[in-house]
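Colleague: Please find one structure pasted underneath; my questions will follow.
The values are calculated or read from the model by the stated rules, or taken from the named source; none is laboratory data. All values reported here derive from a predicted model rather than from experimental measurement. In this analysis, Cβ positions are derived from the backbone assuming ideal geometry, glycine residues included, and neighbour counts consider all displayed protein chains. Protein only, heavy atoms only, side chains kept; ligands, DNA and RNA dropped before computing areas. Shrake-Rupley method; radii C 1.70, N 1.55, O 1.52, S 1.80 Å.
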Amino acid sequence: MAYKPQFGPGTTAVAENRRKFMNPGYKLQKIRDVTDEDVVLLMGHRAPGSAYPTAHPPLAEAGEPKCPIRKIVVPLDGAKAGDRVRYIQFTDSMWFAPCHPYLRSYLESWRYRGVDPGTLSGRQIVECRERDLEKVAKELVETELLDAARTGIRGATVHGHSLRLDENGMMFDMLQRRIFDVKSKTVKYVKNQIGEPLDKSIDLGKPMDDKWLKAHTTIYNMNGGTAFRDDKEYVEWVQRVHSLRTKYGFMPME
Amino acid sequence: MAKIERAQKLFLKSLKEKFAGEDIAAGKTVYKRLGLAQSPRKREFIKEGQAVALARGISAYDPVRCHLGGIPLGQRQLTSYEVSTTGVFVEGDDLHFVNNAAMQQMWDDIRRTVIVSMDLAHQTLQKRLGKEVTPETINEFLHVLNHAMPGAAVVQEHMVETHPALTDDCYVKVFTGDDEMADSIEPQFLINVNKLFPAKQAEQLKAAVGKSLWQAIHIPTTVSRICDGGTSSRWSAMQLGMSFIAAYHMCAGEAAVADLAFAAKHAGLIEMANLLPARRARGPNEPGGLKFGAFSDMIQTDRKYPHDPAKAGLEVVAAGTMLFDQIWLGSYMSGGVGFTQYATAAYTDNILDEFTYYGMDLIKSKYKVDWKNPSPKDKIKATQDIVNEISTEVALNAMENYEMFPTALEDHFGGSQRASVIAACTGLTTAIATGNSNAGLNGWYLAMLLHKEGWSRLGFFGYDLQDQCGSANSLAIRPDEGCIGELRGANYPNYAMNVGHQGEYAAICGAAHFSRGDAWSLDPRIKICFADPSLVFDFSEPRKEFARGAIREFMPAGERSLIIPAR
């Protein structure tokens, strides 16, 4: 029987959202349009339209050694061209942002080739060859994985994921990379992810309302959302993982 | 499992003070971005930084220009911190060890300490040299030794010596398990086990030490600062040897002196911490070689508050996170300032205290553990099911408190802070309930997994290493794979490079013993040595001492004002 991934335990909407986001068979809902140029500007690695800086010559010219593994693993376009490895990094508010660090790493591992996710508490980075990264980043920014107010695109000074929201419902950002435009009621990025001012603002649209956020979030939080203890199946699964690991370490012959 | 409601959260008062005028349960605030001016300490830093730059002609502290190209700290509230249970609110900066003399002295007092047996030396004197050793000679020797140990001459002519006022923290006392022998020692030289410990603990300690006589030696703070931890045994051994020569009228060069030196440097020596492997580049008596059991013995809260193992554990957490996170990993191994806030979360604002006492209520109500009367009798059998049950409830309760009080979450703004606190209350509760340190560690790791799954985040990258494979080594005791908690230490393989863990591990080890009413965790001699009220730092009240340091009321040792121009 072919292996059918289950993507994780749990009986709640939070667990179901996690499974959906990880499942490459599920098409992530697109909720905003961001141009390719704006994605490049938000990341701030190169000027839009400029050539991709390279870290090595194109593979075709590199004279690669004969190697069966190289035949099996088809290089990404960026690897073929010798692109640098660059990154996009997100900060997700614990106040019901749609996506959260470990889930980001899991879903990126399920959905994209050639990515290197790194998971922390307040931020999650994904690195990739630059031209491939831009495609990945576009999906991460345009879809339901990102809420304009509760998700931040932040390369440094990420502080804010656990702080109270500001009066507009925005996650705190020390650098104020994005502002809430009271007139349009949309969130506009005025600085790139590293905090350098942009020549033009990039509008990511209206923040999603609380109802949407709580329906799409992937964090357990009893304060208005789903308490982790209420997902018995999930908690018991964690206990089981822990018990089996403990037992194996204690008496591995069993 | 039924959830226990605690009517009065211990952290509410702190949060109300920190976030004055705000609803601490509200999820929104106005970020006024008041910058550095919010903090008296930052204002002081700016003023002093300007004075430093002016005086030396080289730029110095200049946050307005240098922080993020002109965006200074304080875009959010720069809050104060209550050092837990002390009622003392301090600036975060005051808890960096550079700014806190009490923190420095705590580590100084450990690093400059060795314990040396007198029995081997007495055997050499009696059996090899035929000299008489009596209470009178021992007392005379201790007089000579307390003259010599700070750096004074006892045998030779035309010697330089150290200034007594610069080394006034250096002294030697002795202890024994033999009441009769103790009675014959002059009180000034005796660590009196009967007076310092509750009766039951004293009996255990005396039985363990027996008739042996041990010297608790504290070399000058200034010496161990200028040299290193490895100096403590060398300095002490030299002065011991010279004092024996003087007190027992020996020949300075006779072969028996080598026996005395060998006893002082090796055979009869108890160091506070082991030598580290070359890649760590540290000698003995440096923090990386400290065993968790030994560290929990150094902290004396269980002696002073024998009916509160939770408090005893929390004080070990505070002392341990300060030493292991702030000083060892944060400075010896890494450098910089960031590690301070990993550590302070565990001993400020009564948050960990609240979560831990919730655990105490739980084990009392559900498992009938009378935790206020420590005893091995009512400890719960540490089955996996019970460890899981207790750990799950305590960890989930902690998470829920962060969720219900957004200001608590904001206070512990980093995942590593929360991970340590959530796992610490879980580990402490499980250890206290079972009286088993490894069960406590096992609870710690379940808390980590629950945290990670519940919030889809944990700490910084290092938590991936240690806490996701921790379950598997928590009950292993095979070499290179595991060890009983008391014998693990800061250089235990998986623990060697990750902040936010080691102090709590030491506390979990200690808590298992505090809850059983044990007088010590690993070594009764270390327990007795640090009970000494003559030490500069009070090891029974680390948090109070840190608070005194923060508000600049702690007077440390090793000061140089005597030999420098007045400012």
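Colleague: Count, please, the residues in the range B:109-159 that happen to be farther than 18 Å from B:Ala256 by Cβ, without any contact (Cβ under 8 Å) to a residue 60 or more places away in the chain and of a type in the set (D, E, K, R).
Modeller: Looking only at that region, the number is 2.
Colleague: Then there is this: Which numbered condition trips up B:Lys9, out of (1) at pLDDT 95 or above; (2) charged (D, E, K, R); (3) surrounded by 12 or more Cβ atoms within 10 Å (Cβ to Cβ)?
Modeller: (1)
Colleague: Hey, another quick one. Among the residues of the range B:246-270, write down those that are under 30 Å from B:Glu286 (Cα atoms) and either open to solvent by less than 20 Å² (accessible area, probe 1.4 Å) or in contact with a strand residue (DSSP E or B) (Cβ under 6 Å, 6 or more places away or on another chain) (or both).
Modeller: B:Leu260, B:Ala263, B:Ala264, B:Gly268, B:Leu269, B:Ile270
Colleague: Would you be able to say whether some residue in the range A:198-207 is within 24 Å of the chain's Cα centre (by Cα), part of a loop (DSSP other than H, G, I, E, B) and modelled with pLDDT of 95 or more?
Modeller: yes
Colleague: Identify the single condition in (1) charged (D, E, K, R); (2) more than 30 Å from B:Ile217 (Cβ to Cβ); (3) surrounded by fewer than 15 Cβ atoms within 10 Å (Cβ to Cβ) that B:Glu22 does not satisfy, given that it satisfies every other one.
Modeller: If we test B:Glu22 against (1) charged (D, E, K, R); (2) more than 30 Å from B:Ile217 (Cβ to Cβ); (3) surrounded by fewer than 15 Cβ atoms within 10 Å (Cβ to Cβ), just (3) comes out false.
Colleague: Can you give me the number of residues within the range A:222-246 that are among the acidic types (Asp, Glu) and open to solvent by less than 50 Å² (accessible area, probe 1.4 Å)?
Modeller: Residues in the range A:222-246 being among the acidic types (Asp, Glu) and open to solvent by less than 50 Å² (accessible area, probe 1.4 Å): 1 in total.
Colleague: In the set A:Trp110, A:Trp95, which member is in a helix (DSSP H, G or I) and either within 14 Å of another protein chain (Cβ to nearest Cβ) or open to solvent by 10 Å² or more (accessible area, probe 1.4 Å) (or both)?
Modeller: Sole residue among the options that is in a helix (DSSP H, G or I) and either within 14 Å of another protein chain (Cβ to nearest Cβ) or open to solvent by 10 Å² or more (accessible area, probe 1.4 Å) (or both): A:Trp110.
Colleague: Are there any pairs, at least 6 apart or on different chains, whose C-beta atoms fall under 8 Å, with the first in the range A:230-246 and more than 18 Å from B:Gly470 (Cβ to Cβ) and more than 7 Å from every other protein chain (Cβ to nearest Cβ) and the second open to solvent by 90 Å² or more (accessible area, probe 1.4 Å) and outside any helix (DSSP H, G or I), and if so, which?
Modeller: Every condition considered, the pairs that remain are A:Asp231/A:Thr11; A:Lys232/A:Thr11; A:Glu233/A:Thr11.
Colleague: Next question, about the same structure. Select from the range A:122-171 the residues that are of a type in the set (S, T, N, Q) and either in a loop (DSSP other than H, G, I, E, B) or within 23 Å of B:Ala419 (Cβ to Cβ) (or both) and list them in ascending order.
Modeller: Of everything in the range A:122-171, those that are of a type in the set (S, T, N, Q) and either in a loop (DSSP other than H, G, I, E, B) or within 23 Å of B:Ala419 (Cβ to Cβ) (or both) turn out to be A:Gln124, A:Thr151, A:Thr157, A:Ser162, A:Asn168.
Colleague: Within the range A:192-221, work out how many residues are in contact with a strand residue (DSSP E or B) (Cβ under 9 Å, 6 or more places away or on another chain), within 14 Å of another protein chain (Cβ to nearest Cβ), within 16 Å of A:Ala149 (Cβ to Cβ) and open to solvent by 10 Å² or more (accessible area, probe 1.4 Å).
Modeller: 1
Colleague: Going by what's in this entry, would B:Glu393 be described as over 16 Å from B:Tyr463 (Cβ atoms) and more than 27 Å from the chain's Cα centre (by Cα)?
Modeller: Spelling it out, B:Glu393 is indeed over 16 Å from B:Tyr463 (Cβ atoms) and more than 27 Å from the chain's Cα centre (by Cα).
Colleague: If you don't mind, there's one more thing I want to ask. Within the set of pairs 6+ apart or on separate chains, which have a first residue in the range B:57-85 that is at positive phi, a second that is modelled with pLDDT of 90 or more and small (Gly, Ala, Ser), and C-beta atoms under 8 Å apart?
Modeller: B:Leu68/A:Gly195; B:Gly74/B:Gly35; B:Gly74/B:Ala37; B:Gly74/B:Ser39
Colleague: Continuing with the same structure: Restricting to the range B:473-514, name every residue that is over 18 Å from the mean Cα position of the chain (by Cα), surrounded by 21 or more Cβ atoms within 10 Å (Cβ to Cβ) and assigned to a helix (DSSP H, G or I).
Modeller: Selection gives B:Asn473, B:Ser474.
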